[in-house]
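Worksheet: one structure, shown below.
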Amino acid sequence: MTPQSFLLSAELADHVRASCDPPDDVVADLVAETAAMTADDDGRPIHQVAPEQAGFLQLLTRLVGARWAVEIGTSTGLSALAIARGLPADGGLLCLGRDGHRTAVARRYWARAGVDERIELRLGEAAELLAALPLQPTFDLASVDADATGYAGHVEALHPRLHPGGLVLLDHTLRAGRVLDPQDDDDRAIAALNAALATDERWETVLLPIADGLTLLRKR
């Protein structure tokens with residue numbers, strides 16, 4: 001099943017996809033393989049970004065002229081593939097993940113797309129991997145799609161590591177609408193972060209109703 005936004009009916013989701021550049025064979029096959037996989041712990045389908053969101057990430061990467069990017073929360077690699085495709089040939093993407101089985105799938109598709117040489121993958125806990133990076137402006141773009149309770153810490157860790165004008169993308173910031181009535185710690189963490197970022201003068205902030213909510217933060 002192709003991922004779609006909870007904000008859209010099935011018919012509107014089909015229309016959105018039909019109105020975008022169609023995914024190539026690499027993206028289509030990756031979406032299909034990921035959809036057929038299940039998470040090890042609960043048997044639910046593994047989350048992946050929708051193809052139209054991947055297209056947006058690729059276009060946005062090009063629009064901001066990013067050369068060096070970092071992704072926190074790499075799974076089967078569709079969003080990383082999109083970002084890598086948006087980078088120039090001499091650019092690079094650092095991916096931080098923790099599931100070797102899922103990222104093995106990602107590696108296959110990165111190689112098939114011819115962008116594997118632009119991507120470095122490190123496995124471990126995201127907070128620890130981020131803390132180990134040099135405390136200086138390095139990245140033009142950062143994408144976060146990991147444990148919701150860690151988002152606030154990741155934003156803090158990324159700020160000094162972004163160039164001025166650098167962009168952070170936070171996925172799932174609407175929590176399928178549960179930010180209005182939080183049901184668990186993840187929902188509460190995102191609701192609190194949304195409120196805090198709206199008044200944080202270090203960032204220009206906009207929350208877009210794309211997919212499950214996509215927050216864009218531009219470092220002032």
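Worth pointing out:
- For region 31-63, the tally of residues that are surrounded by 15 or more Cβ atoms within 10 Å (Cβ to Cβ) and not in a helix (DSSP H, G or I) stands at 6.
- Residue match in region 204-220 (condition: in contact with a strand residue (DSSP E or B) (Cβ under 6 Å, 6 or more places away or on another chain), open to solvent by 70 Å² or more (accessible area, probe 1.4 Å) and more than 17 Å from Ser79 (Cβ to Cβ)): yes
- If the condition is being without any contact (Cβ under 8 Å) to a residue 12 or more places away in the chain and part of a loop (DSSP other than H, G, I, E, B), then region 1-11 contributes Leu8, Ser9.
- Residue within region 12-30 that is among the charged types (D, E, K, R), open to solvent by 50 Å² or more (accessible area, probe 1.4 Å), closer than 29 Å to Arg178 by Cβ and without any contact (Cβ under 8 Å) to a residue 40 or more places away in the chain present: yes
- Residue match in region 133-144 (condition: open to solvent by 40 Å² or more (accessible area, probe 1.4 Å) and in a helix (DSSP H, G or I)): no
- Looking only at region 155-188, residues that are buried (at least 18 other Cβ atoms within 10 Å of the Cβ) and either in contact with an Asp or Glu (Cβ under 9 Å, 6 or more places away or on another chain) or among the polar types (S, T, N, Q) (or both) come to 13 in all.
- Some residue of region 103-113 being at pLDDT below 95, out of contact with any strand residue (DSSP E or B) (no Cβ under 6 Å at 6 or more places or on another chain) and either open to solvent by 60 Å² or more (accessible area, probe 1.4 Å) or not aliphatic (A, V, I, L, M) (or both): no
The values are calculated or read from the model by the stated rules, or taken from the named source; none is laboratory data. Small disclaimer: the values here were computed from a predicted structure and weren't measured. In this analysis, Cβ positions are derived from the backbone assuming ideal geometry, glycine residues included, and neighbour counts consider all displayed protein chains. In case anyone asks, the SASA skips ligands and DNA or RNA and just uses the protein heavy atoms, side chains included. Shrake-Rupley method; radii C 1.70, N 1.55, O 1.52, S 1.80 Å.
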